[in-house]
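Enquirer: This is the structure I have questions about; it appears just below.
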Amino acid sequence: MDIKIKVRNLYKIFKTDNGDLSVLEGLNLDVYNKEFVSIVGPSGCGKTTFLSIIAGLETVTSGAVYLDGKEITGPSWERGVIFQEDSILPWRTVKKNIQYGLELRGVSKQIMDERTERFLKLVKLSNFTKFYPKELSGGMKKRVAIASVFANNPSVLLMDEPFGGLDYPTKVKLQEATLDIWEKEKKVTLFVTHDIEEAIFLSERVIILVKGNIIDIIDVPFKRPRKYDIRTCIEMQKLKKKLWSYIEE
Amino acid sequence: MISIRKRSFNYKKYNGVIGLLIIWEIIATIFEINNPETSHIIFPSLHYIVAHSIPGFATFWGMQSLIFGAKYSYLEAFKVLLLHSGITILRVLSGLIVGVLLGSGIGLLMGSVRFIRNLIEWPLQFARMIPPLALIPLFLVWFGGREIGIFIYITFSIFVMIVVNTIQAIKNVPHKYIKYAYTMGANKYQLYRTIIIPAIIPEITGGIRVAVGVSWAIGLAGEYLAAQSGLGRLMILSEQFTYTGRMFVIAVLFMFYNVIINNLVILFSNYVTRWQEKYSPVQ
């Protein structure tokens, strides 16, 4: 399989008033095409910083990240990000939000309408095109965010604890919706979370990041498409236990 | 969802106003019976204002009627008030609109081009510290009582207010939207067009609402001191001839115009910020 994202000797040190704070300490990682990879770890392990660097929103102290062999130096539409906080634009309606990226890139009206229609349907918001975000529930806003980023057709998807603040049923539905779209689009996805079950349920591989180092990578054996009962099977419990043993310390 | 407004007419709100007017009329009438000579100068009754002060504005039609007097007439008075109201409103609105447009435009330019910001940020901060009224004598020296002087004076004062407001608003734009726009492929120009400008609109419209009040105040001050026309000028004339009733009439007119313009600005700002969640702590 082709390597899509290559991380080499990545160091990140934040300069603070209380001295240097080393967040990432020499990361190496290959992410393959069409792969769904989760990154889990205790809070403060550097997972969000790692994702920000790949997004191009944060600089590296040393080392480099390559996408398709080219070094990442800044943000680009090729790497779409779904943030934990609501980042959809409150002054745009649902439809205008989903069009946003395409509009920026000057895509033709026809393609724009086509793609917007398609993703509105995929996230089941076709009846809410003219609504403003303030009129939507938390779960709906997240679906708009997902559709907006997917509609922009990035080659890599970065998700930073996107379902962090949501209640369990909403979260489960959104995870299933994410997998649904992912299976249709097959985009390389890096998914940062502190929820072990979520990580296992969604991904091919789970990367465990502790104190700025990758301490293990676990392959998830479940076949796709994945259904809810995976969450309760014995295999899942064993994986959860293994992951928990890393994070607990 | 939260801001459900009652549209039905609530007459109870006006009880206080009506009560106040009745008390005024009673006190003024008692005063009038005891001091028939001076009561209309010190404390005119409402019926005196309607019967004498309003038609009396006819004597303010040009120099000749001012010196030799003119017949009291509601029609002539109406013409006088219409003319001078028009002049004042035109001055205030033109200064306000040009000031707001210039202020937000230059503010945005300062926010996006570092060179321009460095050049004018400090001079502006100093200019902001000068109370606008302190500048009237200076403008009088420069422009005399000419229309352009009053216009520049109002425009300048509003401009300084709105520029500072705009720069602050740009600083307050949540960082998450800026990051989001860049990861969606925005360049710097697109960032301003699609993120910064819509995000600062609520704060700017708040600034405009304050600016409306300020522009009335400084417009009036300009007319007191420098102009030969406008409601402010009529106010000064009334004061010089001790027409106290007419001063009340002008004050009520000001109130009336201010309410109209304020409501128009509120309608406008509610429309441009319709996407925003609104919480009203006052029921």
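FYI, it's all coordinate maths here, none of it is from the lab. Since this is a predicted model, take the numbers as computed values, not measurements. Cβ placement follows ideal geometry from the backbone for every residue including glycine, while neighbour counts extend to all protein chains displayed.
Enquirer: Considering only A:S22, A:S137, A:S126, give the residue with the highest GNM mean-square fluctuation for chain A, with springs between Cα atoms whenever their separation is below 10 Å.
Expert: A:S137
Enquirer: What does the charge count near A:G63 come to, summing +1 for each Lys or Arg and -1 for each Asp or Glu among other residues with Cβ under 12 Å from its Cβ?
Expert: That works out to +1.
Enquirer: When only Cα pairs under 8 Å and 6 or more residues apart are kept, what is the percent relative contact order across chain A?
Expert: Computed over chain A, the figure is 26 percent.
Enquirer: Moving to a separate point now. With +1 assigned to the C-beta of every Lys and Arg and -1 to the C-beta of every Asp and Glu, and no other charges, what is the dipole magnitude of chain A about the Cα centre in debye, to the nearest 20?
Expert: Here the size comes out at about 860 debye.
Enquirer: Also: What is the total of Lys pairs in the range A:1-106 with C-alpha atoms under 27 Å apart, excluding same-chain pairs fewer than 8 positions apart?
Expert: 14
Enquirer: Rounded to the nearest 0.05, what FRET efficiency is calculated for B:R128 and B:N187 with R0 set to 35 Å and r the Cβ-Cβ distance?
Expert: Approximately 0.60, to the nearest 0.05.
Enquirer: Here is a follow-up. Helix-derived [θ] at 222 nm for chain A: sum -39500 (n - 2.57) over DSSP H runs of at least 4, divide by residue count, nearest 500?
Expert: Rounded to the nearest 500, the figure is -11000 deg cm²/dmol.
Enquirer: Moving on to the next point. Can you tell me the orientation of helix B:15-34 relative to chain B, as the angle in degrees between its alpha-carbon axis and the longest Cα principal axis, to the nearest 10?
Expert: 30 degrees
Enquirer: Using only Cα atoms, locate the centre of the range A:210-249 and the centre of the range B:153-184, then give the distance between them in Å, rounded to an integer.
Expert: One Cα centre to the other: 47 Å.
Enquirer: Charges at C-beta only: +1 for Lys and Arg, -1 for Asp and Glu. How large is the resulting dipole of the protein assembly as shown about its Cα centre, in Debye rounded to 20?
Expert: 1180 debye
Enquirer: What does the net charge come to around B:T273 if you take all other residues with beta carbon closer than 15 Å to its beta carbon, with K and R at +1 and D and E at -1?
Expert: Net charge around B:T273: +2.
Enquirer: If you don't mind, another one. If one computes the Cα centroid of the range A:40-103 and of the range B:28-105, what distance in Å separates the two points?
Expert: What the calculation gives is 64 Å, centre to centre.
Enquirer: Still on this structure, I have one more. Run the numbers on the range B:64-218 and let me know its relative contact order in percent, using alpha-carbon pairs under 8 Å that are six or more apart.
Expert: Averaging sequence separation for qualifying contacts and normalising by length gives 32 percent for the range B:64-218.
Enquirer: Hey, another quick one. Note the full-extension length gain between A:E135 and A:K223 as 0.36 nm times their separation in residues minus their Cα-Cα distance, in nm to one decimal.
Expert: 27.9 nm
Enquirer: Let me ask something else. Only bridges with both residues in the protein assembly as shown count here: give the DSSP antiparallel percent, nearest 5.
Expert: Approximately 55 percent, going by the DSSP bridge assignments.
Enquirer: Let me ask something else. Among rounded, prolate and oblate, which fits chain B when a ≥ b ≥ c are the square roots of the eigenvalues of its C-alpha gyration tensor, a/c under 1.5 means rounded, and a/b larger than b/c means prolate?
Expert: The shape class here is oblate.
Enquirer: Something else now. What is chain B's relative contact order, in percent, from Cα pairs under 8 angstrom and six or more apart in sequence?
Expert: Relative contact order, chain B: 23 percent.
Enquirer: Apply the a/c threshold of 1.5 to the C-alpha gyration tensor of the range B:131-181 and tell me whether it is rounded, prolate or oblate.
Expert: Prolate is the answer for the range B:131-181, as a/c is 1.5 or above and a/b outweighs b/c.
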